[in-house]
Amino acid sequence: MTAATMKPRTAARRWWIYAPMTLLAVFFLFPIVFMVTASLKTDHQIFADMDSLRAFLPVGEIGLANYAAVFERVPFWRFLANSVFVTACVTAFGLVVNSMCGYALARMRWKGRAVVFGFIIATLILPFDTTIVPMVYLVANLPWIGFEGLRPVLEIGWLNTYHVQIIPFIVNAFAIFLFAQYFSSLPKGLEEAAAMDGAGWLRTYWRIIVPLSKPVFATVTILTVVTSPATWNAYLWPLMTVQSEELRPVMVGVQYFFQLDTDWGEVMAYISMITIPMVAVFIAFQRAFIRSIAGAGMKD
Amino acid sequence: MAIARTGKIPAPGSARVAERRSSAATARTRRGGGDFQRNEQRAARAFALPGIILLLLFVIGPAVVSLAMSFTNARLISPTAPEFIGLDNFRRAFTEDALFGESIGNTFLFAALVVPIQGGLGLVLALLVNQKIAGRNFFRTVYFLPVITSMVVISLLWRFLYQEDGLVNSALSMLTAGAYAGQAWLSNPSTAMGAIVVMSVWQGVGFHMVIWLAGLQAIPEEVYEAGELDGATPWQRFWRITLPLLKPTSVFVLITITIAAMSLFVQVDIMTDGGPLGSTSTIVYQIVQKGFQQQQIGYAAALSLIFFCIVLAMALVQRRLTRERDQP
Amino acid sequence: MQRRELMKLAAASGGAALAGPALAACSSGGSSDGTLLLWTHTAGNDAELGVTDQIIEAFNAGQDAYTAERESFPQDAYNDTVNAAALSGDLPDLLTVDGPNVPNWAWAGHLRPLDVPSETTDKFLPTTLGVFQDQLYSVGHWEAACSIFARESVLEAAQVRIPTMDEPWSREEFDEALERIAADTGHRWAIDLSTADIGEWYPYAFSPFLQSFGGDLLDRTTYLSAEGALNGPEALAWGQWFQRLFAEGLANPESPIGAEEFLQGDAAMTYMGNWGALQAMEQFDDVLFLPPPDLGTGPRIGGGSWQWAPTSAADAEGANAWMETALADEFVAEFANRTGLIPATEAAAELTEHYGPDGDLRMMMDYSRAYAVLRPETPAYAVIASVFTQYAGDIIHGGDVQQTLDAAVAEIDADIEANAGYGF
């Protein structure tokens, strides 16, 4: 580890390491501290404190009234459950579909491979906003097998469902690219060794490749949960394809506070509440992530 | 054949793949081959199929429709059918729409600033939190916090912070003991883009810190030990050992930041609406503005196509550059 | 209709395969099983939702043929929600629509003409009726009116005359008042214009100043061009006047949404809608709601707010029946009582606390009747609003006024031409 060689040996040395790190921490924390303290204040107090250090301190008229108001205005638990469900599905299905596709591209020989890879790279560039209109039209006309009791029925249109929020976002060109890149860096000969033992492709993939590739699975998970416009941050798509309030995700709820007049304290309370689960995911996840990388360090 | 194909993968280590593949081929021959190869073909298609189907349906399909629309006067809503108008939309984009030209410039400016700043600061942060010191997990989490806060929310917050009597000015005035008077950062055409750059780096850098960190931790310790034996200073070790070994990571960081930077939209939409005087208008902002606000979806599709071509060209250039450096 | 056009397009472009199942689907959201689906833009706004729910309850209890249900959406992306629903054939039976969008949605085929007796609608303020090409599409329960919020004590301290409807401030007087207030009182800004509110606020709040100067967003004799109206000498005078407010530091180019600067005491006055009036009265005990200045052709304010309209997918009878229930004076009054907005009928005004003959917000009704101008009633309004917002922003930030206005005109005219005049 590089760290071993840089171990702080003296108090002065420690000072030189912690001082910049703490300054940076302040820089990264201050808007978030502002958000949380503002969530405890009335609007009048927020604006009155805006130009001084008081903005970061829970001073003046403070209380949890904004949090109570959030529950009155938004079906918070419902939205939260929807977002957790959609995010979990997009991430889980995405890991399977994208990693298998990446595996086929990186380590198997087949006709059409080059063409497919070229297309995938090209689609990396398309921002979602530019194709959203044809997408709406498409999902409104896709078939789906629904059930009336136990009898399966063919339904047309995916609007107003969970799956319209999930299926279109499972495949992710960027994730495929990451998987392919990582798999191609694994040592050669893994498949041959497995084949000698009589393992098929699927088993090889599942028993040998996946366990060796924890870091890339971890990276793609963070990437999907945190940055995909279809998971925790989903906003415009659900508003265009999901009409029922019961199916809406958390980010749509933010706009419930920007109606005729805006209550900033409630906005801050709500966004603090929807940010906390992400912080929890990261803290829990960060350890596994670092550990899996440390484990993978042995691979070469 | 195999080498030519693997050459398409713009990843470091592709040479290794080629190597592996040729030796795999030998192994296959030994096992008496044809069946296995057919099996591999079939297995590969089965592996890739779900991804390909979803990609065709939800990414390429809509993109093709969008491509077709770029040659029409299609409206978001309208009682009349779209008509084919040839290259009119493109002529308009390049000759009449001055703001679009400006937006291309702004987008490049943003990318040119954000890519090095965010990439570099991310590496610095990664080096800091890679030390074996108490509290490093705390610092990692703190630096990563903005990434997990929604960009919409972050933009709303920073809009407050950048006001004339906002916290950024209060902080600057405190640091300079009152010498600095402060200004409304987002309403001045010469500072608005800079303000968005700072805020975007602040939001995104934690993510790249984690990526750099992953790269740093993948470097085996023995490499450094060897360096230490040679009597290299920490600074030399960083330049001669760490940095070259981070090359694969840096390609990844470069690509991710570039793509995100070229798609700049949310910050602009919430903080400045493209103003003041068009100084923060970007390509994607214009696409959304024209397609949704002004309902000119055909024209927006044409702008999307132009955007696609620009980024594709950049990607090809980047790939060419990183490839050349691959070769000894 | 829209579906079919896009279908052709998809087919022409080889995208037919992916949209294939569309041929089988022709369902629409408006249902025929006796359920009336209502969409509102008021998610999270309990006051307005509460009244809507009262109407629904009364309607469902009053007859057996239909059951009304509502779904509410956030206002921010409401137009996108509705346009997407129209695109996918999923419109509800009735929806709320912002007044200036009525022509655009009627033209696109989202809305169906409203068929209620004229005795019901005659008593409504004219600006609460959504009309496109002589056809009524929508009716609103309430209207809003902007006025100048100011504190009596501040005006007195600055020795500024308090204007009346009979004698509003002239342009010179208004300018002088702003300067004197800025100089003589301790306020950072003379007037708060809530410039950070980008939605519909710019055309709604600022284009009436332009109209008071004698300019307009569009030449309303033809509805085919903005030439002359938006870039003539009157418009130029407006632009220069408006720009000066910011250039001379009388108003903040970055003032937060919702008159916050005024409420905080940072700005001496604000130009604000009456939905902010109750809060202002709570904050200050001497707040006045003054008529806007006469900048040349008389004071002007924006008219036309959110209204109810049946959609093209609606069950016509059910939708009309619902509208008749909804437009009763008691509900009009209820909206005004809960939200502080202006009741759309005189009879309802009598029933309200603030808008009765002696009500403390009565003047808002007078302002609305006397000064309200509708935004141009054309499908081109979607483009006009977006273009005006962008270029008014440029003027605020110091752009060359004539060049800016010319560019705005060019964009608006090009769009009208590209749409063959939108039927005018």
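The values are calculated or read from the model by the stated rules, or taken from the named source; none is laboratory data. These figures come from a predicted structure and were not determined experimentally. Glycine also receives a Cβ, built like all others from the backbone with ideal geometry; neighbour counts cover every protein chain displayed.
Okay, here's what the table says:
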{"item": "Evaluation of C:Ile198 against (1) more than 19 Å from C:Phe242 (Cβ to Cβ); (2) within 16 Å of the chain's Cα centre (by Cα) (one fails), failing number", "result": "(1)"}
{"item": "Any hit, segment C:220-238, residues being touching a helix residue (DSSP H, G or I) at 6+ places or on another chain (Cβ under 6 Å), within 24 Å of B:Ala184 (Cβ to Cβ), at pLDDT 95 or above and not in a loop (DSSP other than H, G, I, E, B)", "result": "yes"}
{"item": "Residue satisfying condition, being at pLDDT below 90, more than 14 Å from chain C (Cβ to nearest Cβ) and surrounded by 16 or more Cβ atoms within 10 Å (Cβ to Cβ), within set B:Ala27, B:Ala111, B:Ala48", "result": "B:Ala27"}
{"item": "Among residues of segment B:242-265, those that are touching a Pro at 6+ places or on another chain (Cβ under 6 Å), surrounded by fewer than 21 Cβ atoms within 10 Å (Cβ to Cβ) and at pLDDT 85 or above, counted", "result": "0"}
{"item": "Check on A:Ala55, at the interface with another protein chain (Cβ under 8 Å from one of its Cβ atoms), crowded, with 16+ Cβ neighbours inside 10 Å and out of contact with any Asp or Glu (no Cβ under 9 Å at 6 or more places or on another chain)", "result": "no"}
{"item": "Single residue of C:Pro203, C:Pro253, C:Pro208 found to be in a helix (DSSP H, G or I), within 14 Å of chain B (Cβ to nearest Cβ), in contact with a Pro (Cβ under 9 Å, 6 or more places away or on another chain) and surrounded by fewer than 24 Cβ atoms within 10 Å (Cβ to Cβ)", "result": "C:Pro203"}
{"item": "Leading residue by the ranking (surrounded by the most Cβ atoms within 10 Å (Cβ to Cβ)) among those in segment B:162-191 that are of a type in the set (A, V, I, L, M), within 9 Å of another protein chain (Cβ to nearest Cβ) and part of a helix (DSSP H, G or I)", "result": "B:Leu186"}
{"item": "Whichever residue in segment B:79-100 is aliphatic (A, V, I, L, M) and surrounded by 12 or more Cβ atoms within 10 Å (Cβ to Cβ) and, among such residues, is nearest to the other protein chains (Cβ to nearest Cβ)", "result": "B:Ala81"}
{"item": "Any hit, segment A:63-73, residues being closer than 30 Å to B:Phe139 by Cβ and modelled with pLDDT under 90", "result": "no"}
{"item": "Cβ pairs under 6 Å, 6+ apart, first in segment C:148-164 and without any contact (Cβ under 8 Å) to a residue 12 or more places away in the chain, second loosely packed, with under 13 Cβ neighbours inside 10 Å and of a type in the set (Lys, Arg)", "result": "none"}
{"item": "Count of residues meeting criterion [of a type outside the set (Ser, Thr, Tyr) and more than 11 Å from chain B (Cβ to nearest Cβ)] in segment A:83-113", "result": "8"}
{"item": "Matching residues in segment A:204-245 - criterion: being within 14 Å of chain C (Cβ to nearest Cβ) and aromatic (Phe, Trp, Tyr)", "result": "A:Tyr235, A:Trp237"}
{"item": "Residue list for segment A:129-154, restricted to those being out of contact with any strand residue (DSSP E or B) (no Cβ under 8 Å at 6 or more places or on another chain), at pLDDT 85 or above and within 14 Å of chain C (Cβ to nearest Cβ)", "result": "A:Thr131, A:Ile132, A:Val133, A:Pro134, A:Met135, A:Val136, A:Tyr137, A:Leu138, A:Val139, A:Ala140"}
{"item": "Qualifying residue in segment C:53-65 (condition: closer than 30 Å to C:Thr222 by Cβ and either within 13 Å of chain A (Cβ to nearest Cβ) or modelled with pLDDT of 95 or more (or both))", "result": "no"}
{"item": "The listed residue being touching a residue at least 40 places away in the same chain (Cβ under 8 Å) and touching a Lys or Arg at 6+ places or on another chain (Cβ under 6 Å), out of B:Val115, B:Val152, B:Val147, B:Val129", "result": "B:Val129"}
{"item": "Lone unmet requirement of (1) assigned by TED's automatic domain parsing to the domain that holds C:Glu254; (2) free of Cβ contacts under 8 Å to residues at least 40 places away in the same chain for C:Ala196", "result": "(2)"}
{"item": "Which listed residue, of B:Leu321, B:Leu303, B:Leu264, is hydrophobic (A, V, I, L, M, F, W, C) and more than 30 Å from C:Gln403 (Cβ to Cβ)", "result": "B:Leu321"}
{"item": "Unique residue being in contact (Cβ under 8 Å) with a residue 12 or more places away in the chain and either outside the structural domain of A:Leu186 (by TED's automatic domain parsing) or closer than 24 Å to A:Asp261 by Cα (or both) when the list is A:Val70, A:Val26, A:Val59", "result": "A:Val70"}
{"item": "Residue within segment C:284-291 that is assigned by TED's automatic domain parsing to the domain that holds C:Ala158 and farther than 28 Å from C:Trp142 by Cα present", "result": "no"}
{"item": "Residue within segment B:229-237 that is under 24 Å from A:Met268 (Cβ atoms), within 11 Å of another protein chain (Cβ to nearest Cβ) and buried (at least 18 other Cβ atoms within 10 Å of the Cβ) present", "result": "no"}
{"item": "Within segment C:137-181, considering residues that are among the hydroxyl-bearing types (Ser, Thr, Tyr) and either assigned to a loop (DSSP other than H, G, I, E, B) or within 28 Å of the chain's Cα centre (by Cα) (or both), the one surrounded by the most Cβ atoms within 10 Å (Cβ to Cβ)", "result": "C:Ser138"}
{"item": "Search result, residues across segment B:73-92 that are under 30 Å from the mean Cα position of the chain (by Cα) and outside any loop (DSSP other than H, G, I, E, B)", "result": "B:Asn89, B:Phe90, B:Arg91, B:Arg92"}
{"item": "Qualifying residue in segment A:227-244 (condition: assigned by TED's automatic domain parsing to the domain that holds A:Ser185 and over 22 Å from A:Val133 (Cα atoms))", "result": "no"}
{"item": "Matching residues in segment B:118-135 - criterion: being within 14 Å of chain A (Cβ to nearest Cβ), within 17 Å of B:Val197 (Cα to Cα) and crowded, with 16+ Cβ neighbours inside 10 Å", "result": "B:Gln118, B:Leu121, B:Gly122"}
{"item": "Among (1) closer than 30 Å to C:Val383 by Cβ; (2) among the polar types (S, T, N, Q); (3) touching a residue at least 60 places away in the same chain (Cβ under 8 Å), the one test that C:Gln135 misses", "result": "(3)"}
{"item": "Segment A:250-267 - residue that is within 7 Å of chain C (Cβ to nearest Cβ) and of a type outside the set (S, T, N, Q) and, of those, nearest to the chain's Cα centre (by Cα)", "result": "A:Val252"}
{"item": "Count of residues meeting criterion [in a helix (DSSP H, G or I) and closer than 25 Å to B:Val288 by Cβ] in segment A:246-274", "result": "13"}
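Here's the yes/no breakdown for (1) within 12 Å of chain B (Cβ to nearest Cβ); (2) modelled with pLDDT of 85 or more; (3) surrounded by 24 or more Cβ atoms within 10 Å (Cβ to Cβ):
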{"site": "A:Pro127", "(1), (2), (3)": "yes, no, no"}
{"site": "A:Gln165", "(1), (2), (3)": "no, yes, yes"}
{"site": "A:Ala180", "(1), (2), (3)": "yes, yes, yes"}
{"site": "A:Leu190", "(1), (2), (3)": "yes, yes, no"}
{"site": "A:Leu202", "(1), (2), (3)": "yes, yes, no"}
